[in-house]
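S.K.: Let me give you the structure first, and then I'll get to my questions.
Read-outs throughout are calculated quantities, based only on the coordinates presented, and are distinct from any laboratory measurement. Owing to the predicted nature of the structure, the values given are computational and were not obtained by experimental measurement. Positions of Cβ are generated from backbone atoms using ideal geometry, with glycine treated the same way; all protein chains shown enter the neighbour counts.
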Amino acid sequence: MQTVLQQSYARPYTQTAQKTSIWTRFINWCKNQEESRFLWLGIALASHACLITPLTLFVVMYTGNSIILFSFAIAAMGMALITNLAALPTKITIPTFFLSIILDVAILIASISMWL
């Protein structure tokens, strides 16, 4: 008799899509770049040694020669250099490379803003 008096409620099943964050998608993309690890090594070393760091150091020296900004620029190049020469996986080297580029851009902005 109890089963007749009690009503049960069952929720309908709805499947929700799992949303991955941008960081997770970026790290997964970096893991997939393991086949072209030497390409990323060449891009990181050549761009830092030939373009980004000399440009950053030129701007720092032209706008007042701050030793703090100078050392941060060298450290940014060292980040990319050390991770690539240590043969770390691309899930570490590519984010480090992009972080060093962001650091160089921040140094450029700080150096120009102190000059003005």
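S.K.: Relative to the longest principal axis of the C-alpha atoms of the chain, give the angle of the C-alpha long axis of helix 53-62, reported between 0 and 90° and rounded to the nearest 10°.
M.R.: Helix 53-62 and the main axis of the chain meet at about 60 degrees.
S.K.: May I pose another question? Give me the Å³ per residue figure for the convex hull around the C-alpha atoms of the stretch 37-116.
M.R.: Enclosed volume per residue, from the Cα hull, is 64 Å³.
S.K.: Please name whichever of THR53, CYS30, ASN65 sits farthest to the positive end of the charge dipole of the chain, dipole taken about the Cα centre and charges placed at Cβ: Lys and Arg +1, Asp and Glu -1.
M.R.: Farthest towards the positive end: CYS30.
S.K.: Could you check which residue among THR96, THR63, THR20 shows the biggest mean-square fluctuation in a GNM of the chain with a 10 Å Cα cutoff?
M.R.: So, out of THR96, THR63, THR20, the one fluctuating most is THR20.
S.K.: Continuing with this model, one more query. Of the listed peptides 10-19, 69-78, what is their order by residue-averaged count of other C-beta atoms within 10 Å, with the highest listed first?
M.R.: 69-78, 10-19
S.K.: Right, next: Quote the relative contact order of the stretch 48-116 in percent (integer), defining contacts as alpha-carbon pairs under 8 Å separated by 6+ residues.
M.R.: 45 percent
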